[in-house]
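Have a look at the structure below, then the notes.
FYI, it's all coordinate maths here, none of it is from the lab. The shown structure was predicted, so the numbers you read here are calculated from the model rather than taken from an experiment. We place every Cβ from the backbone using ideal geometry, glycine too, and count neighbours over all the protein chains shown.
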Amino acid sequence: MLTFVTPTINIQIMRNFSFFFALALLAWGWTSCSSSKLITQSAQFSKEIKSQFAPDSRTSIYHIESIKNGKSVILRGETNIPEAKAALIAKLKQAQVAYVDEIKLLPDPNLPKTYGIVQLSVANLRSKPAVSSGLETQALMGMPLRVFKKESHFYLVQTPEKYIKWMNAGALALKTKAEFDEWARAPKVIFVDKLGFAYAQPDNKGLIVTDLLAGNILRRINADGDFTKVALPDGTPAFVLTEKIMNYEDWLDSRKLSPENIEKAAYAYLGTPYVWGGTSGKGLDCSGFTKNVFLQNGIMLPRDASQQVLVGKEIPLDNQLKNLQKGDLLFFGRKATPTKKERVTHVGIYLGNGKFIHAGVDKAKVAIESLFEGEPDFAENRLKSLLRAKRIVGYVGALGVETVGKTMYEE
C-alpha cells in the first residue's frame, strides 16, 4: 500500500511571498505604464515638430523615433534642420522627460566635402540609393547641390529647388565650402541651344567631352573666335561653340518673364518624350516640363505639380476660362469631396483660346490640347479634372515665385 505524504506549508511564508509578488507586479505595471506614456509623449512632440519644421519630406529630412530606455527615452534618427532638433529637446525638457540624444545632424560630419556641382548634362536623382530605384527628378550640369550623406555609390543631395533625393557619385563634382564658393564666384557660361556638345579641342569634328542641354552651366576660361574654352565642374577642360552660349550673368539679366516668352520656351519642347521624373530636353514629366520652361525664363519653380500649385496668384476659373492669360499654370487632379481632400496630379501651361500645352502620359510627349468641347484636340479628361490656375507673370519675388539668380547659388 502506497502512502502519500503531504508536505507541511508555512502559511505565513506564502502570505509574505504573495504580498511581495503583488508589489513587484504593481511596480512593474507602473514602470511599464510610465515608460509607455513617455514614449507616447515623446512621439507626439516629435510629430508636432515635424509638422512645424519639416512638413514636406521631399524638401526636408526629419526621421526621428523615440525608443524606451527605462525611465527615459532614446531619441534616434537624423535631420538636416538644427532648429527642429533644438525645438524637440526644448519640449522634452519643458515636460521634464528624461532623454538620451542620439539624433544625427546632417550633413554627415564624416563627409569631407558637403557641397557639389552636377557634372553631367543631366543627372538622375532616385528615391533610394540604387540604380534600380525609381527616377524622381533630374538636375542639369552646373547646378549646385548640398550633400548630406553617402551610402554605397550614392549621395543624398538637395537641389536648388530644395528637392532631396539620391544621386550617383559619378554624376557630381564634390566641393568643400571654399571650393564651392570659388565656383560660385567664377565667371560662367550657360548653354542656350536645345542640344549640343563640348569638345576636347576647338573643333566640332573632334572628340566629344560631353553632350550639353539648354540650361547647362560651365566655367568660362577664355573666348577665342568660334570657340570658348570652358571647364566642367570637376575641372575638365573643353571647348564649346561660342554662338551656343551666353555669359551666365548676362543671361540672368536678359530674362524677361512674359506670356510670349513662356509660350516660346514651351513650344521648343513640343514632341519631347514624356519621362516620369524627367526635367530636361531628353525627357520630361508634367511638372518637369513647366519647371524647365520657367527655368529658361529665369524662374525657379518648385519640382512637383503639388508644390507648384502653392506659388503664384490664384486665378478664378469659369466655363469659358475668361480670367486666364497665356502663360498661366493649369492644375489638374482629383476634386475635393466630403471625405477626401483635393489632390493635384498634373500641370500644364495655358496658351489662350482654351488651348494648353503639357507633357502627358496619355500622349507620351509634350503636346497641345484643348479644354473646349467640340475642338478636334479636345481633352475631356483634362476638362473634368481641372482644379486650379496660377499666374506667375507679374508676381516675381512675391507669393513664393523665386528667380534662378536668387536660388541657384544660395544655401
### Task
Give me the angle, in degrees from 0 to 90, between the Cα long axis of helix 11-53 and the longest principal axis of the Cα atoms of the chain, rounded to the nearest 10.
10
### Query
Can you give the translational diffusion coefficient of segment 255-407 in µm²/s, computed by Stokes-Einstein from the Kirkwood radius over Cα pairs at 10 °C and 1.306 mPa s?
104
### Query
For the chain, what does -39500 (n - 2.57) per DSSP helix run (n ≥ 4), summed and divided by total residues, give at 222 nm, in deg cm²/dmol to the nearest 500?
-8000 deg cm²/dmol
### Query
Which of the lysines could a cross-linker span from K365 if the Cα-Cα distance has to be under 22 Å and same-chain partners fewer than 8 positions apart are dropped?
K194, K264, K282, K291, K326, K355, K384
### Query
Can you tell which of L257, S36, A367 lies farthest toward the positive end of the dipole of the chain, using +1 and -1 charges on the Cβ of basic and acidic side chains (Lys, Arg; Asp, Glu)?
S36
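Would you mind ranking K264, K85, K50 by Cβ crowding within 10 Å, fewest neighbours first? Provide the component values of the computation, followed by the final result.
Working: K264 13, K85 22, K50 19.
Listed from fewest to most nearby Cβ atoms, that is K264, K50, K85.
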### Summary
At q = 0.09, 0.15 Å⁻¹, the log10 of I(q)/I(0) for the chain from a Debye sum over equal Cα scatterers comes to -0.66, -1.36
### Task
On a 0 to 90° scale, report how tilted helix 82-94 is relative to the longest principal axis of the chain, with both axes built from alpha carbons and the result rounded to the nearest 10.
20
### Query
For segment 115-183, taking Cα atoms only, what is the radius of gyration to one decimal and the Dmax to the nearest whole Å?
10.9, 35
## Note on the structure
Across all Cα atoms of segment 186-252, Rg and the largest Cα-Cα distance (Dmax), in Å, are 10.4, 31
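With the contact rule set at Cα under 8 Å and sequence spacing of 6 or more, what percent relative contact order holds for the chain?
10
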### Length-normalised contact order for segment 197-349 - Cα pairs under 8 Å, 6+ apart - percent
15
### Query
How big is the gap, in Å, between the Cα center of segment 96-163 and the Cα center of segment 164-238?
21
